[in-house]
Amino acid sequence: MTGDPIEIVNLRKEYGKFVAVNDLNLTIKKNSFTGLLGPNGAGKSTTLKILTHLINATSGQAYLNGIDVTVDPKSALTGVGTVIETPEFYPYLTPRETFRYVGGLIGMRREAIKSETDEILEKVKMTQWQDKRLGTFSKGMRQRIALGQALLNDPNIIILDEPTSGLDPRGMAEIREVLKNLRNDSRNLTIVMSSHILPEVEDLCDRIAFINHGTLLKDNEIGAFTNVDGILTMMIKLNRVPTEADVNRVSALGYVIRAERIGEEIAVSIKGTDMRIRSRLLEDIASMRMGVISFKEQDALEETYLDLIKESR
Amino acid sequence: MMVGDFRQICTITKNELIKSVRGKKFLVSLLIVLLVFGLITLLGYATNDWNPKFTTANIISTYMSYIGVVTLLIVALMSSVALVSEFEERTALILFTRPVRRTSIFIGKIFSCLIIEALIILVYYAIVTAFSLYHVGEVSDKMLTSYVLCVLYAFAASGVAFVISAFFKKSSVCTIISLLVLILVVPVITGMLKGDTWFMLDTAGNSIITCVPEYVKAYNETVDMFTAVISNAADVLKGFASPEMQELAKSLNEVILSGGLSTLDPNVIAMIVTMDQFFLSIPVDNITDMADVLNMMVGSDMMKKIDNPNVLLEGSVLIIWGITGYLIAWCKFVRREF
């Protein structure tokens, strides 16, 4: 036991012959916002569902605050807030009644529920809807309420399984904003979130754990994935298909490590992430008058993600 | 179970009650109760079946005969969806991820279903009681026993509905299967069993009405009346087909053919000839069979008199049915994965 809030030890889940989680070992650091990344069927959701006692593990342990959820789920889930996928609520209840119900379930006092409800509804921007029945809410609104109920009783762990899945762009942005505020405002809070959306993970998380075939591929701080070896790759698009001569001209720039044609773009690798080098590259390329129509940073996380998934096949 | 668990059970029960009362199923169940009462009353008035000299037995046999089916309908509507709805409507994602034992959730759901079902059944009993007081001026003193047995019947049927709810994935399927099992399958099995079926759900459920002595008395009087009518009819038929009667008809026919009746009035002759032809044309074998069938009817279960049931035994049977159902459902529910 490491003393970290979430510790998964040799966790295994089998569905007949199919192994969804394959002796997974993973530790989620205290006060981190960890993104769980992996393709469909990688075992992310299964792992989180075992952690939240929605499914039973075949073998192994999953500790929440030092208590094995596979042995004593009631004690393990105390102090844990969860939003698994897009949960539904009882349509006949209002947000306030829902919070009263969930608060009552987790043993909160009536006054505490009331004061926390006001505060949380404000946080998830649902105050004006507090007395309307949930049956009339949009998916985005319901998801904000889901997030709100997870915050009741000041949990020290929050588990989120694809919390923006199925939401429209506005709904996604609203949830991300709430999560960002939560990350910035809370001192003693560990969040683990599975997601398919790389920019979302990049935007919210400070650590990433890559999972495929039910095993952990890599687990590190986000910087280790987005800025590999301190090399930055810029993608340049011209108003025509780049020629060999265009690539050679860019390669000739002293600070450029490598330039190559990828599809209809030129990928230019430069050392360091200093903004001044980027602007210098842009100015130099502009002065070459090649007809640049777009200049953007390559998604390093996506590249790492694809590489890792490819390697693990 | 600890104090915390008990508090959680209360919280879940309360929420389930709010959910039920605000939901459509509660209203539909209430409507069924009112509709059944209204239809029986209206049909009674429309067919002029209402005797101004009402008795408690009339009221009981008219209205309480349907309470068993009404109870099963209510149970199929309310209990059959209690467990499955958490999975189908994805509310389990909130409820099951909380520090609450599945057993506490299960018990809370049993309590809420029972309370709601007992309330709806109470509405029916209250209306029948009020009607009885209005028309007869009194009510059977076994009405309360009948109500308690009816609630126990709902408890038992609910156990069966919970089993179905724990195993299936769709609420609508659970409701239909519960209805089929409770209203069709169980009685068919009971019908196929030989001997006393006191241990069967529907037989024990019959005690709701047979525990009322006025009903038993009125029912047995009706059985006596029917038995007497059918027995007499069988005797008459057998008499027609008896060898003596056939012999007599043949002798009479010989007299007619020999002209021995020629001195009589022609109308009298015609009548005697017609009667003689009738007796001679009787299919003796068929008539004997018909008489046997009638005698079999008299001895069948259909014409059996009923006794006041052993309320304690039948109540226990219902409780055992309920507990067995809940135990099976619980075993599945606590292990069921989302």
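The values are calculated or read from the model by the stated rules, or taken from the named source; none is laboratory data. The structure presented is a predicted model; accordingly, all values stated were derived computationally and were not measured. When we count neighbours, we look across all protein chains shown, and the Cβ atoms used for this are built from the backbone with ideal geometry, even at glycine. Just the protein is used for accessible areas: all its heavy atoms, side chains included, with ligands, DNA and RNA removed. Shrake-Rupley method; radii C 1.70, N 1.55, O 1.52, S 1.80 Å.
When you filter the GluC sites (Glu not before Pro) in segment A:258-291 for DSSP loop state and at most 13 other Cβ atoms inside 10 Å of their Cβ, you are left with A:264.
If you average the C-alpha positions of segment A:40-79 and of segment A:149-164 separately, how far apart do those two centres end up, in angstrom? With segment A:40-79 and segment A:149-164 each reduced to a Cα centre, they are spaced 15 Å. In order along segment B:300-316, the phi-based Karplus estimate (6.51 cos²θ - 1.76 cosθ + 1.60, θ = phi - 60°) of 3J(HN,Hα) comes to 7, 4, 4, 9, 6, 6, 10, 10, 5, x, 7, 4, 5, 5, 5, x, 5 Hz; Gly and Pro are listed as x. Accessible-area rank, largest first, for B:280, B:119, B:294: B:119, B:280, B:294, with all protein chains present and a 1.4 angstrom probe. Considering only B:181, B:273, B:163, the mean-square fluctuation computed in a Gaussian network model of chain B, springs between alpha carbons under 10 angstrom, is largest for B:273.
Within the listed set A:232, A:151, A:216, the Gaussian network model of chain A (springs between alpha-carbon atoms below 10 Å) gives the highest mean-square fluctuation for A:232. The convex hull around the C-alpha trace of chain B, projected and averaged over every direction, spans 24.4 square nanometres.
In a DSSP loop and with at most 13 other Cβ atoms within 10 Å, the trypsin sites (Lys or Arg not before Pro) in segment A:230-312 are A:240, A:289. Computed over segment A:228-311, the alpha-carbon pair-distance distribution with 10 angstrom bins reads 17, 53, 26, 5, each value a whole percent. Test of understanding: extend the Cα→C-beta vector of residue B:47 to 7 Å, then name every residue of segment B:202-221 with backbone N under 18 Å from that spot. Within reach of a label on residue B:47, which here means backbone N under 18 Å from a point 7 Å along Cα→Cβ, segment B:202-221 contributes B:219. On association of chains A and B, roughly 3000 Å² of accessible area becomes buried (total for both chains; probe 1.4 Å).
Listed by chain and number, the lysines whose C-alpha is less than 20 Å from the C-alpha of residue B:238, apart from same-chain residues fewer than 8 away, are B:250. Taking all protein chains together and rolling a 1.4 Å probe, residue A:182 ends up with roughly 10 Å² accessible. Based on protein heavy atoms only, segment A:6-225 ends up with 40 Å² per residue of surface accessible to a 1.4 Å probe. Given A:139/A:296; A:49/B:332; B:25/B:217; A:44/A:114; B:19/B:169, which pairs have Cα atoms separated by over 28 Å? Beyond 28 Å between Cα atoms: A:139/A:296; B:25/B:217; A:44/A:114. For segment B:222-299, the average shadow cast by the Cα convex hull is 6.2 nm², which is a quarter of the hull's surface. The aspartates and glutamates whose alpha-carbon is closer than 13 Å to the alpha-carbon of residue A:29, local same-chain residues fewer than 8 away aside, are A:4, A:7, A:206, A:219, A:221.
One compactness figure for chain A is 1.18, namely its Cα radius of gyration divided by 2.2 N^0.38 Å.
The calculated Kirkwood hydrodynamic radius for segment B:136-236 is 16.4 Å, given to one decimal from all distinct C-alpha pairs.
When the Cα convex hull of segment A:2-136 is projected onto planes of every orientation, the mean area is 9.9 nm².
Spatially, segment A:246-313 and segment B:207-229 are offset by 96 Å when compared through their Cα centroids. Here the dipole of segment A:228-311 is about 420 debye; that uses its Cα centre as origin and unit charges on the Cβ of Lys and Arg (positive) and Asp and Glu (negative). Taking chain B as a Gaussian network of alpha-carbon nodes connected by springs under 10 Å, the highest mean-square fluctuation of the residues B:212, B:160, B:186 belongs to B:186. In this simple spin-label approximation, residue B:130 and residue A:56 carry label points 7 Å from Cα along the Cα→Cβ vector, and these lie 5.0 nm apart.
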